[in-house]
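In what follows, a single structure is set out as structure tokens and then discussed.
Please treat every number below as a calculation from the coordinates, not as lab data. Computed from a prediction, not measured in an experiment: that's the story for all the values here. Neighbour counts run over all protein chains shown; Cβ positions are idealised from the backbone, glycine included.
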Amino acid sequence: MRLSMGSVGFVKKEAAKSLAPGKKQAVVIAVAAQKGGVGKTTTTVTLGAALARYFEMEVLLVDLDAQAHVNLALRSIVNAGGDSLAELLEEPTTREVAEIAVGTKVPGLEITPGCPELARAENRLSTRIGKELVLRELLSVSRTHYDIILLDCPPNLGNLTINGLVAADCVLVPCNPAMLAVSGVEGLLGAVAEVRAALNPSLEVLGLVLTRVDQRNGATNQMITQLLSENWEDLLAPVQISADAALAKAQIEGTDVYAFDAHSRAAGQYVELAEWTIARLSAMGLRREGATTDTGDQRPELMASEG
Ligand SMILES: Nc1ncnc2c1ncn2[C@@H]1O[C@H](COP(=O)(O)OP(=O)(O)O)[C@@H](O)[C@H]1O
Ligand SMILES: [Mg+2]
């Protein structure tokens, strides 16, 4: 979407990227929902940790929310350093998202630093030419360094979320069993359809995942599950995430739930969600050659979470 004058010499040619290409081809998954508090950040962090820990994947979490909750949730295990994602989004640059990412104590898990300036970037993006395509461009070489890139989107359909949807191969939509959360699913899927029509024809819906399911509310859960499956049966993930205080406690400690309590119920369910994600990406033809699926002996004995 650059002005074509560049190619005929009026404008300086686009400079080469500063990041050398790697050998991988990440699947980019936007974790998005119009509502706050439905489990986007918890899902991004825990699914990412599960993929890195038990499926030997190289995972990058991109925190697109100015509230910086990904960073907050993992603050005790994140290495220092990294630059501002907002700066990359605001001005043309040859730098890439992978260049500002920092490692964590979990091998294979990297994240972008918390960036409150994203609130400013949300507005400044409006003035950029090709404003919806900026993140996609910033990930173009970064993708070759990871197996999975998860984008934690803010709780609205603003510029950053749209950038996330344009940069992504597919969207994972967390939803908790409450009517208001369900009503948000429709809005989000509408935005996905619009983005697909206008900007990213290959965008797919990975699935809807019910989170924070309190087993004590059996009747409500059943009504919500029925409502969701009536409308989006094919998209509803078979794995549900229970309401589990271990997730919130791990966030308070600033670490992932596997370091906090790998035997907790939600820890096991997120491993199952990771397994389902990998299978679904393969079924959708999104998983590239050479990616590992072998959980080997790494997998913890955390499946005792049934029932
Ligand atoms: N499965 C769960 N069980 C218990 N608490 C949860 C669960 N998922 C999320 N939470 C808590 O709910 C709150 C909102 O979740 P969060 O992932 O931050 O939502 P979002 O990113 O959509 O705003 C957080 O305080 C988080 O700790
Ligand atoms: Mg969040």
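Worth a mention:
- Relative contact order computed over the chain (Cα-Cα under 8 Å; 6+ residues apart), in percent: 24
- From phi via Karplus (6.51, -1.76, 1.60), per-residue ³J(HN,Hα) for the stretch 136-148 in Hz, x at Gly/Pro: 4, 5, 5, 9, 4, 8, 3, 4, 7, 10, 9, 8, 9
- Calculated FRET value between ASN123 and ALA20, using beta carbons and R₀ = 45 Å, to 0.05: 0.85
- Here LEU133, LEU85, LEU151 are placed in order of increasing Cβ neighbour count within 10 Å, fewest first, which gives LEU133, LEU85, LEU151.
- For the stretch 266-283, putting each phi into the Karplus relation 6.51 cos²θ - 1.76 cosθ + 1.60 with θ = phi - 60° gives couplings of 5, 4, x, 5, 6, 5, 5, 5, 5, 5, 4, 4, 4, 5, 5, 4, 5, 4 Hz, in residue order, rounded to whole numbers and with x for Gly and Pro.
- In straight-distance terms, cross-link reach from LYS35 covers every one of the aspartates and glutamates whose alpha-carbon lies under 18 Å from its own, apart from those fewer than eight places away in the same chain; here that gives ASP63, ASP65, GLU122, ASP152, GLU186.
- Of LEU208, LEU172, SER76, farthest towards positive along the dipole that unit charges on Lys, Arg, Asp, Glu beta carbons give the stretch 21-284: SER76
- Simple Cβ-charge dipole of the chain, Lys/Arg +1 and Asp/Glu -1, about Cα centre, in debye nearest 20: 680
- Ordering THR127, THR44 from the fewest to the most neighbouring beta carbons within 10 Å gives THR127, THR44.
- VAL205 long-range amide H proximity, modeled H, under 5 Å: VAL171
- Above-threshold pairs, the threshold being 32 Å between Cα atoms, out of LYS17/LYS249; LYS23/LYS105; LYS24/LYS105: LYS17/LYS249
- Of all beta bridges that DSSP places with both ends in the stretch 1-154, some 20 percent have antiparallel geometry.
- Amide H within-cut-off set for THR104, under 5 Å, with H built and near neighbours excluded: ASN79, LEU109
- Packing-based exposure ordering (other Cβ within 10 Å, fewest first) of GLU110, GLU122, GLU194: GLU194, GLU122, GLU110
- Our helix-only sum for the chain, with -39,500 (n - 2.57) per DSSP H run of n ≥ 4 divided by its residues, gives a mean residue ellipticity at 222 nm of -11000 deg cm²/dmol.
- Share antiparallel - DSSP beta bridges, the chain, percent rounded to 5: 10
- For VAL213, residues with placed amide H under 5 Å, excluding near neighbours: ILE241, SER242, ALA243
- Seen from VAL106, the other residues with C-beta closer than 12 Å to its C-beta sum to a net charge of -2, counting Lys and Arg as +1 and Asp and Glu as -1.
- Vicinal HN-Hα couplings computed from phi for the stretch 94-100 (Karplus, 6.51 cos²θ - 1.76 cosθ + 1.60; Hz; Gly/Pro x): 9, 7, 10, 4, 4, 6, 9
- Separation in nanometres of the label points that stand 7 Å from Cα toward Cβ, at GLU230 and SER282: 3.5
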